[in-house]
Amino acid sequence: MRRAALIALVVLLALPAAAFGHATLIRSTPGSSGVVNTPPRTVTLEFSEPVEARFASVSVTDAPGNQLRDGRPTAEGNTLVVPIKEVGEGWYLVYWRVVSTDGHPIRGAFTFAVGPNPGPSPEFKIPSISETAATPGLVTARWIVLLAAMAAIGLFVLRLLTARPAGDLRNVTKAFGVASAVALVVAPVYLVMSTAQFSLRSAFDLGEVLPLLDGTEFGKGFIRLELCFALFVAAAGIAIWLDDPARPRRTIADLLATTGALLAAAGVLLIPGTSGHPGTAEPRGLAIVLDAVHLGAGSIWIGGLIGLLILWRSRQLALAVRRFSAVALYAVGVLVATGIWASIVHLPTLASLWETGYGQALLVKMALLVVAVVLAAVNLLRTKTRLLAGERQSPRFVGGEVVLIAGAVFAAAIVTSLAPPAKAIAEIGKPAAEVGPGPVDKTVERDGYEITFGLTPNRAATQNQVSIAVRKDGKPVTGAAVTESFAMLDMEMGRQEYELTETAPGTYGRETSALVMAGRWGLTVRVEPPGAEPFTVTVLDHADG
């Protein structure tokens with residue numbers, strides 16, 4: 001048995017680290033800001049990973065806003081192909097929206113021109129490119145699913161393992177049934193709601209939404225979760241039906257049903273990590289296992305506390321409290337340890353805790369858990385002792401623990417709905433300056449050089465004029481090789497790098513639509529002066545949408 005478990009663990013840890021990431025637009029035809037002399041009949045968008053055409057939304061418009069798309073996008077591997085109507089000379093805006101395999105929607109835009117004389121680029125009206133899966137409705141539904149599923153697993157463990165010798169636990173069984181029913185009902189509702197948002201459809205338009213439920217790895221993962229949880233509920237129901245607490249020794253059928261239920265519960269705890277943030281960590285197998293252990297420890301804690309509240313006025317309470325306290329102590333320790341590990345893995349820097357929405361939600365979760373742990377210590381030292389001595393106690397401290405843990409689960413629902421901050425935050429180090437929102441004109445010093453960053457209008461999903469002026473001892477540095485890279489810091493989207501041309505003595509620039517999304521960007525310039533050592537300098541930019 002031990003050898004089989006070891007082999008299973010090795011297999012899990014050896015799983016490939018190819019992770020579900022965030023689709024990044026690598027290239028397009030026509031190219032961003034490019035001028036073509038032959039009117040194109042299609043626009044192609046190549047992404048860093050496959051995208052589902054059913055969830056893609058692409059528009060091609062002229063300056064007055066007329067829609068020129070001539071049919072729905074089709075997917076060919078990582079590429080979307082969009083047919084367009086015949087167009088004449090002038091400038092056109094391409095606005096795209098796709099959903100990554102992990103369920104995070106991403107938007108962007110760029111312009112191109114048909115020549116040979118397209119004229120100056122007009123000011124296009126660009127739709128909002130800020131979007132998140134952490135809407136109040138989706139987060140609330142996700143929270144209910146997480147809380148109910150965790151409570152059901154914890155109540156089952158309390159009923160069949162922890163508090164079984166206490167005898168009559170029918171009310172705990174009823175609570176398990178309620179929690180299971182809530183999770184089974186709300187989970188598909190959440191999947192429909194999220195799929196409707198991803199596909200820009202109404203959640204009530206089931207004829208359009210239902211065929212799309214398995215369109216992303218996120219959707220497939222949630223369907224697997226629902227099926228595995230249903231299997232757990234069925235096996236747990238059979239185990240509870242077969243179990244007789246008055247019988248000291250369990251029957252073979254009882255043991256088989258309980259084992260099956262526990263294995264199904266392990267599957268329920270493992271699945272969220274396979275299509276969520278642990279699937280992006282390395283090593284992927286270890287991250288998924290530790291995430292499952294984290295969820296399992298939280299389930300035992302909150303499910304057990306709910307069970308104790310249900311048993312508060314029963315004769316079985318003292319024995320249940322004594323047995324649960326020992327289990328909960330280990331569960332809390334595991335919960336804290338795995339939570340700290342996950343924070344280290346997903347946060348590239350300590351400052352990410354308070355500088356990013358993901359980190360801030362994680363801070364709230366941690367704060368709630370710390371208070372809950374303190375309250376648990378009070379319960380262990382005060383309430384448990386008095387209960388075992390036969391004194392009547394108010395359940396308010398245990399109820400307070402439940403409320404705090406439920407709040408921490410809500411914060412976790414927000415965390416798992418947000419994209420983790422990009423690893424580029426650690427790569428760029430401490431920026432030389434912070435710029436934006438709005439046009440950028442900032443001078444910084446590095447290694448005896450003065451570098452002036454220029455970025456106009458510093459808006460996402462539009463053409464931006466990049467300008468880098470390099471001076472030393474007040475004189476322009478000419479003939480240098482200058483490149484500038486753009487790294488999205490609010491989510492993992494890869495790095496875009498461009499060579500700048502010398503437009504005036506010591507001034508290097510170009511037009512680009514590299515800022516595809518609103519948010520925080522790391523702008524890194526590498527300068528190779530002729531006959532001198534190269535150097536780099538980075539600024540933190542806040543781009544408007």
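The values are calculated or read from the model by the stated rules, or taken from the named source; none is laboratory data. What you see is a predicted model, and the numbers here were worked out from it, not measured in a lab. Positions of Cβ are backbone-derived with ideal geometry, glycine not excepted, and every protein chain shown enters the neighbour counts.
Structural remarks
- Listed by position, the strands (runs of 3 or more DSSP E) contained in segment 47-123 that have at least 1 residues being over 30 Å from residue 417 (Cα atoms) and not β-branched (Val, Ile, Thr) are 57-62, 79-83, 90-99, 105-114.
- Residue identified as more than 18 Å from the chain's Cα centre (by Cα) and either surrounded by 21 or more Cβ atoms within 10 Å (Cβ to Cβ) or among the polar types (S, T, N, Q) (or both) among 305, 319, 309, 350: 305
- Residue pairs meeting the criteria (Cβ under 8 Å; at least 6 apart or on separate chains; first in contact (Cβ under 8 Å) with a residue 12 or more places away in the chain, in segment 72-84; second aromatic (Phe, Trp, Tyr) and surrounded by 13 or more Cβ atoms within 10 Å (Cβ to Cβ)): 78/47; 79/47; 80/47; 80/96
- Selection count, segment 446-471, where residues are out of contact with any Gly (no Cβ under 7 Å at 6 or more places or on another chain), farther than 16 Å from residue 533 by Cβ and part of a loop (DSSP other than H, G, I, E, B): 3
- If only residues of segment 501-533 that are part of a loop (DSSP other than H, G, I, E, B) and without any contact (Cβ under 8 Å) to a residue 12 or more places away in the chain are counted, the one that is surrounded by the most Cβ atoms within 10 Å (Cβ to Cβ) is 532.
- Yes/no for residue 181 being modelled with pLDDT under 80 and either surrounded by fewer than 19 Cβ atoms within 10 Å (Cβ to Cβ) or farther than 20 Å from residue 138 by Cβ (or both): no
- Scanning segment 15-40 for residues that are among the small types (Gly, Ala, Ser) and modelled with pLDDT of 70 or more gives 28, 31, 32, 33, 34.
- In segment 322-347, the residue that is farthest from the chain's Cα centre (by Cα) out of those that are surrounded by 20 or more Cβ atoms within 10 Å (Cβ to Cβ) and closer than 15 Å to residue 159 by Cα is 324.
- Remark: pairs (first residue in segment 50-70, over 20 Å from residue 197 (Cβ atoms); second residue among the charged types (D, E, K, R); Cβ separation under 6 Å; 6+ apart in sequence or on different chains) = 60/69; 68/85; 70/85.
- If you go through segment 333-363 and keep only what is among the hydrophobic types (A, V, I, L, M, F, W, C), farther than 17 Å from residue 292 by Cβ and in contact with a Phe, Trp or Tyr (Cβ under 9 Å, 6 or more places away or on another chain), you end up with 347, 363.
- Any hit, segment 41-51, residues being farther than 22 Å from residue 512 by Cβ, at pLDDT 90 or above and not β-branched (Val, Ile, Thr): yes
- Flag not set for residue 202, criterion: polar (S, T, N, Q), outside the structural domain of residue 107 (by TED's automatic domain parsing) and surrounded by 22 or more Cβ atoms within 10 Å (Cβ to Cβ).
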